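Novice: One structure, pasted below without further comment.
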Amino acid sequence: MSATFDELTITDIYMLNTSDKEIQLKWKLVSNNLYPGWDFSLCDYTTCYAGLPAEGTMTLVPPNEKGFLGLNV
C-alpha cells in the first residue's frame, strides 16, 4: 500500500473462514517502513491497536465469517 501525506488511507485484508469450526488467526509484524511522525493503527477482527504491535491473536472467527487486518495510516 502507499499513503498520501495528510490524507487517511485504509487498507483491509479479509480472510474467510471456510471451515465448519471456529478458527483463531494470529499475525506477526514483518516490517514497518512508515514515516516517523505519521499516525497509524492496526485493527483485527474485534480489536484496534494504536501503532503497529509486533504480533497479535484475533478473537475466534466463526464459520463463514471473515477475520481481517486493517491498516489505518
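Novice: Might you tell me the accessible area per residue for the chain, computed with a 1.4 Å probe and given in Å²?
Specialist: Value for the chain: 73 Å² per residue.
Novice: Determine the equivalent ellipsoid of the chain by diagonalising the alpha-carbon gyration tensor, then write out the semi-axes as square roots of 5 times the eigenvalues, largest first, rounded to whole Å.
Specialist: Gyration-tensor ellipsoid for the chain: 26, 12, 9 Å.
Novice: Sticking with this one: Considering only protein heavy atoms and a probe of 1.4 Å, how much of the accessible area of the range 1-59 is carbon and sulfur, as a whole percent?
Specialist: Reported share for carbon and sulfur atoms: 52 percent.
Novice: Determine, for each peptide in 56-69, 18-31, the mean count of other beta carbons within 10 angstrom over its residues, then list the peptides with the highest first.
Specialist: 56-69, 18-31
The values are calculated or read from the model by the stated rules, or taken from the named source; none is laboratory data. Because the structure is predicted, anything quoted here is derived from the model rather than measured. Cβ atoms come from the backbone with ideal geometry, glycine included; neighbour counts cover every protein chain shown. To get the accessible areas, we keep the full protein, side chains included, count just its heavy atoms, and leave off ligands, DNA and RNA. Shrake-Rupley method; radii C 1.70, N 1.55, O 1.52, S 1.80 Å.
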